[in-house]
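To start, the structure under review is shown below, and the notes come after it.
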Protein chains: 2
Amino acid sequence: MTSPPPNGHMQLALAEAAAAAGRGEVPVGAVVVSREGRVLAAAGNRTRELNDPTAHAEVLAIRAACAGLNSERLTDCDLYVTLEPCPMCATAISFARIRRLYFGAWDPKGGGVDNGPRIFSQETCHHAAEVYGGLDATRAGDLLKAFFAQKR
Amino acid sequence: MTSPPPNGHMQLALAEAAAAAGRGEVPVGAVVVSREGRVLAAAGNRTRELNDPTAHAEVLAIRAACAGLNSERLTDCDLYVTLEPCPMCATAISFARIRRLYFGAWDPKGGGVDNGPRIFSQETCHHAAEVYGGLDATRAGDLLKAFFAQKR
């Protein structure tokens, strides 16, 4: 893996994931960071609370960061997310022109970056983020395992 | 094609697309219809107005229909959209459990249903809508062509 050393941004994403679990949501968290390292938005999954199937952590964080910048693009911004994004979120990441995507656990069943449709590798993908997977993957995965074990 | 005869729902989606063009947005419109044929939501693309790269017509219509039903699923509902959905929207359609997807023009450059990642054909796709493409495709395509011709 060629990613830079982990920093506080993934810790913040993990805190958002833990908060999502506390709300009864699938525990995934996401943080958008500017080129200068400023946190522009942080969000956890809220699909149940909002009755919105698109309210994944990544989408909420991207929408909030765009609103804050008054821009539909987040050029040169990076996204930290605790789980490999699904195809919906991966495509939103591409549309937002996110520079680098750092994610925690891989998601063989639902991921769309290194699994499934591998959105950034599609010929019709107009912007591919640089991808660094596996950051704090154990902690991110443990949150999900604990959540689903509790549900059973 | 095995789709039922065209009806007013695609006309409404086309009107939403035309209204989007009037706002300077890429002209795409979408309508969510209940099993009983009731229009639950209609929306046009608003990515520029809202500074939101996820504000495609389909996402806005799905979110509005879910909000109206207080449900994160639109089981047994159908979606009419003037253009083949992109991978983001196709995945959102899957998450929302949309029953049937009727779309107008195919989109070889950006579509994610019959083109690109063909989201519903992915092994990791948990719900595939029934797809009927090509409804009023000429009108839907003409709206897009006129819009982009004007931009050049």
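The values are calculated or read from the model by the stated rules, or taken from the named source; none is laboratory data. Keep in mind that this is a model prediction, so the values were computed, not measured. Please note: Cβ atoms are built from the backbone with ideal geometry, for glycine as well, and neighbour counts cover all protein chains shown. Just the protein is used for accessible areas: all its heavy atoms, side chains included, with ligands, DNA and RNA removed. Shrake-Rupley method; radii C 1.70, N 1.55, O 1.52, S 1.80 Å.
Find the eigenvalues of the gyration tensor of the Cα atoms of the range A:63-102, then list the square roots of 5 times those eigenvalues as equivalent ellipsoid semi-axes, largest first, in whole angstrom.
Numbers: eigenvalues 56, 21, 17 Å².
After diagonalising the Cα gyration tensor, the semi-axes are 17, 10, 9 Å.
Order the peptides A:100-110, B:67-77, A:84-94, A:23-33 from the highest to the lowest mean number of other Cβ atoms within 10 Å of their residues. Each step should come with its number before you reach the end.
Numbers: A:100-110: 20.7, B:67-77: 16.5, A:84-94: 29.2, A:23-33: 24.5.
Ranked from most to least packed, the peptides come out as A:84-94, A:23-33, A:100-110, B:67-77.
Over the range A:1-108, give the accessible area per residue in Å² for a 1.4 Å probe, as an integer. Numbers along the way, then the final one.
Numbers: 3880 Å² over 108 residues.
That works out to 36 Å² per residue.
Where does the charge balance sit around B:HIS127 when Lys and Arg score +1, Asp and Glu -1, over other residues with C-beta under 10 Å from its C-beta? Walk me through the numbers on the way to the answer.
Numbers: positive: B:ARG73, B:ARG97, B:ARG99; negative: none.
Here the charged neighbours net out to +3.
Which aspartates and glutamates does A:LYS151 reach when only Cα atoms under 13 Å apart count, and residues fewer than 8 places away in its own chain are ignored?
Once the sequence-local aspartates and glutamates are set aside, what remains near A:LYS151 is A:GLU25.
Chains B and A: buried accessible surface, both sides, probe 1.4 Å, rounded to 100 Å²? Intermediate values should be presented prior to the final figure.
Details: alone 7690 and 7670 Å², together 12990 Å².
Interface area, both chains combined: 2400 Å², rounded to the nearest 100.
What is the calculated FRET efficiency for B:THR75 to B:ALA15, with r their C-beta to C-beta distance and R₀ = 22 Å, to the nearest 0.05? Can you show the working numbers first?
Working: r = 26 Å, r/R0 = 1.20.
Working from the Cβ atoms, E equals 0.25.
Once you have all Cα-Cα distances for the range A:38-80, histogram them in 5 Å bins from zero and send the whole-percent values.
Percent of Cα pairs in each bin: 5, 25, 30, 21, 13, 5, 0.
Which value in nm describes the separation of the simple spin-label points at B:HIS127 and A:SER34, placed 7 Å from the Cα toward the beta carbon?
3.9
About its Cα centre, how strong a charge dipole does the range B:1-150 have in debye, to the nearest 20, once Lys and Arg get +1 and Asp and Glu get -1 at the Cβ?
On the way: 14 positive and 16 negative charges, 25 e Å.
I would put it at about 120 debye.
In angstroms, what radius of gyration and Dmax does the range A:38-152 have, counting Cα atoms only?
Calculated on Cα positions, Rg and Dmax stand at 13.9, 43 Å.
Sequence neighbours fewer than 8 away in the same chain don't count; with that in mind, list the lysines whose C-alpha is under 18 Å from B:LYS145.
Partners within reach: B:LYS109.
May I ask you to find the residues of the range B:70-113 that are shielded by at least 50 Å² of accessible area once the whole protein assembly is considered instead of their isolated chain (probe 1.4 Å)?
Residues losing area: B:GLU72, B:MET88, B:PHE95.
Taking the Cα centre of the protein assembly as shown as origin and charging only Cβ (+1 Lys, Arg; -1 Asp, Glu), how large is the dipole, in debye to the nearest 20? Walk me through the numbers before you get to the answer.
Details: 32 positive and 32 negative charges, 47 e Å.
The dipole of the protein assembly as shown has a size of about 220 debye.
How long, wide and thick is the protein assembly as shown, going by the Cα atoms along their three principal axes, in whole angstroms, largest first?
55, 48, 30
If I compute solvent accessible area with a 1.4 Å probe over the protein chains, what percent of it on the protein assembly as shown is carbon and sulfur?
So the carbon and sulfur contribution to the accessible surface is 50 percent.
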